[in-house]
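To start, the structure under review is shown below, and the notes come after it.
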Amino acid sequence: MDGKFVNWADAKIHVLTHTLHYGLGAFEGLRCYNTPKGPAIFKLQEHVDRLFDSCHILQIKPTFTPDDIRQAIIDSVKINGLKECYIRPVVYVGYGAMGIYAKGNPINTAIAVWPWGAYLGEAGIKNGIRVKISSFTRHHVNVTMTKSKTCGDYVNSILANREAVSCGYDEALLLDTHGYVAEGSGQNVFIVRKGVLKTSPLTSTLEGITRNSIIQLANDLKMKVQEVNFTRDELYTASEAFFTGTAAEVTPIKEVDERIIGSGRPGPITKKIQKLFFDIVKGRAKAKTYNSWLTYI
Ligand code: PMP
């Protein structure tokens, strides 16, 4: 926290911390995987860059440089002796004035690491999950800043996710303000329809680092990839669908709103991409380009 290692139980903040009340803050989520050459963080630099882009958009100025944060992430994994973990850096507006303006409040930074298994469950990764189109709409580009991973934006995600889970589904899928498929509560979405891999464009969706990686993998595999708007009924009639994200990794979608997707099992393209993804993050891929996606601890 703010440049010092603090024991888990002592990692406390004041109840009048500004971000706790109003949500202006930026965070990241990264994963460190156990590889044959030891623990490695996936796309570390991209996550640090996105954190600083978020802060730039939100006009909060971290008291650390990107290099400081990059090194602190590595050190946090190291000092905890974890082989595999999730990593959560957060830059937030600290204790001080309580009005909305609060430009003079301190900007605090923390990084937490902990072991976190498959976000949507091992069975989800293997067999696919059941998804519900949310009654909540995804962000409008001029209401919240969708290129920023802003703390407060996740209220929209929580509402959607809780609604879906309370209806017996595994995850929500939100539509944008025009009614096109946007993204999950914390995942980008891909479909395969008529042999083409499609993902929603970067309007109301977060520019997922996993999404970018999957687009590159699909290009490398000579698949046809399109970043285009598609409708919920295109998704209903897709032959395959899957979510991507740091937490969710590559999770197949087997059902949407009681409609079975394809065969109801992870399809061949999903399985191929998922396998390559896990080979890369776990340091098993041979290609040099993919190895450069890992930062060894
Ligand atoms: N969309 C949202 C809303 C998210 O929170 C996340 C997780 N960061 C993603 C997409 C996926 O992004 P990434 O692949 O960078 O984790």
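FYI, it's all coordinate maths here, none of it is from the lab. Every value quoted in this text rests on a predicted model; they were computed, and no experiment measured them. Cβ: placed from backbone, ideal geometry, glycine included. Neighbour counts: every protein chain shown.
Can you give the Kirkwood hydrodynamic radius for the chain, in Å, rounded to one decimal and based on Cα pairs? Across the chain, the inverse of the average 1/r is 19.9 Å. Dividing the mean sequence gap of close Cα pairs (under 8 Å, 6+ apart) by how many residues segment 110-173 holds gives a relative contact order of 41 percent.
For the chain, DSSP calls about 80 percent of its internal beta bridges antiparallel. Taking the Cα centre of each part, how many Å lie between segment 60-100 and segment 204-254? So the separation of the two Cα centres works out to 29 Å.
Any of K126/K224; K12/K37; K132/K271 with alpha carbons more than 27 Å apart? Name them for me. Walk me through the numbers before you get to the answer.
Values: K126/K224 24 Å; K12/K37 35 Å; K132/K271 22 Å.
Correct reply: K12/K37.
Take every pair of alpha-carbon atoms less than 8 Å apart whose residues are at least six positions apart; their mean separation over the length of segment 1-152 yields a relative contact order of 33 percent.
Take the Cβ-Cβ distance between V143 and R284 as r, set R0 to 51 Å, and report the resulting FRET efficiency rounded to the nearest 0.05. Each step should come with its number before you reach the end.
On the way: r = 42 Å, r/R0 = 0.83.
Result of the calculation: an efficiency of 0.75.
Counted over segment 79-179, the DSSP beta bridges are approximately 65% antiparallel.
Charges were assigned to the Cβ only: +1 to each Lys and Arg, -1 to each Asp and Glu. The resulting dipole of segment 24-106 about its Cα centre is roughly 140 debye.
Our summary gives segment 133-282 a relative contact order of 20 percent, counting only alpha carbon pairs under 8 angstrom and 6 or more residues apart. Residue-normalised convex hull volume from the C-alpha trace of segment 1-91: 100 Å³ per residue. Think of segment 1-94 as having a plus end and a minus end, set by charges on the Cβ of Lys, Arg, Asp and Glu; of Q71, C85, I57, C85 sits farthest toward the positive end of this dipole.
Helix-only arithmetic for the chain: the sum of -39500 (n - 2.57) across DSSP H runs with n ≥ 4, divided by the residue total, places the mean residue ellipticity at 222 nm at -9000 deg cm²/dmol.
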